[in-house]
Structure formats: C-alpha cells, structure tokens
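The block underneath contains the structure these notes are about, expressed in structure tokens.
FYI, it's all coordinate maths here, none of it is from the lab. What you are looking at is a predicted structure, and each value in this text was computed from that prediction instead of being measured. Positions of Cβ are generated from backbone atoms using ideal geometry, with glycine treated the same way; all protein chains shown enter the neighbour counts.
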Amino acid sequence: MMVTLTIDGQIIHVERHTPIIEAAKQLGISIPTLCHHEGLQPFGSCRLCIVEAFRGNRSKLVTSCNYPAEEGLTVLTASDRVLETRKMVMELLLARCPDVPGIRRLAEKMGVEAVGFKKKGDQWCILCGLCVRACEQMVGVSAISFASRGIEREVKTPFGMESDVCIGCGTCTYICPTGCIEMTGDPGPPGHRVMDMGDLALGSCSNNHDCETCDIDQGFLDKMKRAIESVRL
Amino acid sequence: MGFEKVDEILENYAYKHDALIGILQDVQRLENYLPQETLQYIGRELEVPLSRVYYIATFYKSFSLEPRGRHIVKVCLGTACHLNGAVQNLEQVERVLSIREGETTEDRMFSLETVNCVGTCALAPVTMVGEDYYGAVTPGRVEKILSAYSTGSGSAEDGKD
Ligand code: SF4
Ligand code: SF4
Ligand code: FES
C-alpha cells in the first residue's frame, strides 16, 4: 500500500512502512547515521538519525532509520529540536570515543567541539551493532554478539574465546565505522577489539586466500568490501 | 554433569528457538548458574548460534555464568525498601555471611545480590532468600532468617511472607 507523507515540506509517496530515512533519501534529503546500512536490518542504536515526526500538532523525536512511513505523517529532519538533540547525541559519542578520527570528523561537521560529558576513556566501539548484524545477516555465521548490558555492554565472541565459526572474512572489520576491529594477532591501540584469527586473518594469508582448498571465497570478499565501503566514514 | 536433565528441559520446550529464555531459566535452576559447556550444548541442540545464547545469558541479570550459592539472597534496594532501611539490612547480611554484594560464600551455600524492586513494596524492606519473601526485615532478624537456610535446605517459616 502506498502512503503519502511530507518531509521538510516536500510531499512523497512511498510504500507503507518504508523507513523514513529511505523516503528522505528519495527526496535528496540526507540524514546523518552511524549504525545504518542498506543491506542490514535497522537497529536504531546510534540515535544520530533522529527526526521530528508530527501527527496532528503533536510531535515526537524518532529514529528515522527504523521509523515506518504512515499515511499523513509530517517529518522535519532539521528542526531546532532535532538539531539540538542530535548535537547532544554527537557529544555523547565524542565523549565515548574522543580518539576515533571518523567520530571527530563527524562531530566537527556538526559543530560539536567541547564535550560537556565526562570522558569514558579509550573506547573505540560505539556499540552500533553493524559488525554483529553483518556477521549474522551478510555472512550468516553469527560469530559475534553483544554481551552484558548497560555500561558493561560490549561486542565479543561467546565467552571471549577464539571463535570456531568465524570464517575470517573480515566483513566486521570493513563495516565497523570506527575502525576498532583489528584483524591481527598483536594487540592494537588501547580500546581496540582484536580478532585473532590466526592464519585465517585477512592479509596474513601468504597466498592471499588463493589456494584451491581455501574456504574463503575471493569473489565474496571483494563483494563484501564493495558493499561495505559506502558506510565507512 | 551429563546433559540428560538439559535434554529433558529442551524436550519440555519442544526445542523451540523462541523459548530460549525459558529454557535458560529452567537450566539455571539445576545448578544455580549456567555452565559454559551447558550453554554450548544448548546452542548445538537447538541449532541456535552460540553467540545468541551467550547474548541472552549475559543480558539478563537473573542469569549467572559464574557458580553461585545454593541460596540466592536478594536484598531489595528499590525506593520503598531503601527508605525503610534496606541498606542497613544489606550491611547486616554482608556481616553475617562475610561476603560482599555479588559474592558467594566459600561453602557455596549463599550468594548475595541486590535488586531494584521485587514488586512487593508494601512489605518494605524486603529480602528474598531463593524464592521466599521476607518483609519488614530488620538487621536484628537477618541472622535468624539466614540460619534456617544454612542448617538445612528448608526455609525459615518464621516471618516468611
Ligand atoms: S571475520 Fe568472523 S566475526 Fe567478522 S564478519 Fe567474518 S565471520 Fe563474522
Ligand atoms: S565494533 Fe565497530 S561495528 Fe561493531 S558495534 Fe563496535 S563500532 Fe559498531
Ligand atoms: S542510524 Fe538510526 S539510530 Fe543509528
């Protein structure tokens, strides 16, 4: 079923339940995101894509990457309320990962410099869940997941042990917007998540995964790299 | 431990994926915690990725991946309990058992936890031992309540609500 909604004053017809962000894109309106990827199910974790959605004269802030289009919805993607809140979200992200170049660039672009929150220290992971979803939905092995909750939440392999299902494809490394997954045996900079994949690690195979018997399909790797390049900051 | 009991539980839930939480709850009741091998076994049997089982098992506070005592003492620190002196009760439990919050006694009889509400605010301050509720607890009653559990597996009928 098609529905009609208004985004920033422009009218658009889309299939019902299309995420607002997709509808906005069709109008050429871009909304900042960190945890969104067209090839993956939306997750709504970074909160950067918030917009103001109106029903009658009541409005609420919603995440546009997973908010479904409904008949008669009016959306503002850059109202004062949106910009203010988005700035605060960015401040929180910057407070969490002050050393991540991509986050710093994005913050600068949004005019966020001073951070009014206490620094959390050497974090690189923003818990966007892209790696978890990519490993599940693109690669289909679910080698990693979130663990714990609240401030202890992190991404890891079950029990933090070497995974016996990870195929070392590197998809998680490519899709991670903060570059915090290192495919290496050496511990990286502080706060990095190290995936020690032994001989399976991308780049560490002396034969570039070209052997007849190699489980890693080169075409698949290339496809992944291309598909994922678009979300890297 | 063999996995016969776990098999039984899995059968009770007809190996349904969406019953994972219920399965883990029942399995935890067996040993009061979720041993790693058991979680691995459940993942294999249900054909659910281990990462998913691990995610669920670490998400909910009621699951423990560490061995815990036979009796879990939960001191409620919710608003109503807090206002009625729950902190003093907690300190008294810590003294009596010689463990801190989150720890287990050496004899593996008791583990101590705090919770933020057990839904019985009218009985504040509330302390739970296993599945038993104790209301209007005072530091003076703590030792008596706990001693009934340390001697046998029974509960202190006295003052149980
Ligand atoms: S490298 Fe391993 S963890 Fe990363 S996406 Fe591939 S299979 Fe998943
Ligand atoms: S490791 Fe990277 S992709 Fe995965 S949740 Fe953290 S920031 Fe996102
Ligand atoms: S892109 Fe919508 S919450 Fe991250």
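Computed quantities for the displayed model
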read-out: Selection within the stretch B:51-74 - basic (Lys, Arg) and either in contact (Cβ under 8 Å) with a residue 60 or more places away in the chain or more than 12 Å from chain A (Cβ to nearest Cβ) (or both); value: B:ARG68, B:ARG70, B:LYS74
read-out: Which listed residue is without any contact (Cβ under 8 Å) to a residue 12 or more places away in the chain and of a type in the set (Asp, Glu), from A:GLU15, A:GLU91, A:GLU70, A:GLU108; value: A:GLU108
read-out: Residue among A:GLY44, A:GLY28 that is surrounded by fewer than 20 Cβ atoms within 10 Å (Cβ to Cβ) and within 16 Å of ligand 2 (Cβ to nearest atom); value: A:GLY44
read-out: Any hit, the stretch B:54-62, residues being of a type in the set (A, V, I, L, M) and farther than 21 Å from B:SER111 by Cβ; value: no
read-out: Odd one out for B:VAL126 among (1) within 14 Å of another protein chain (Cβ to nearest Cβ); (2) crowded, with 17+ Cβ neighbours inside 10 Å; value: (1)
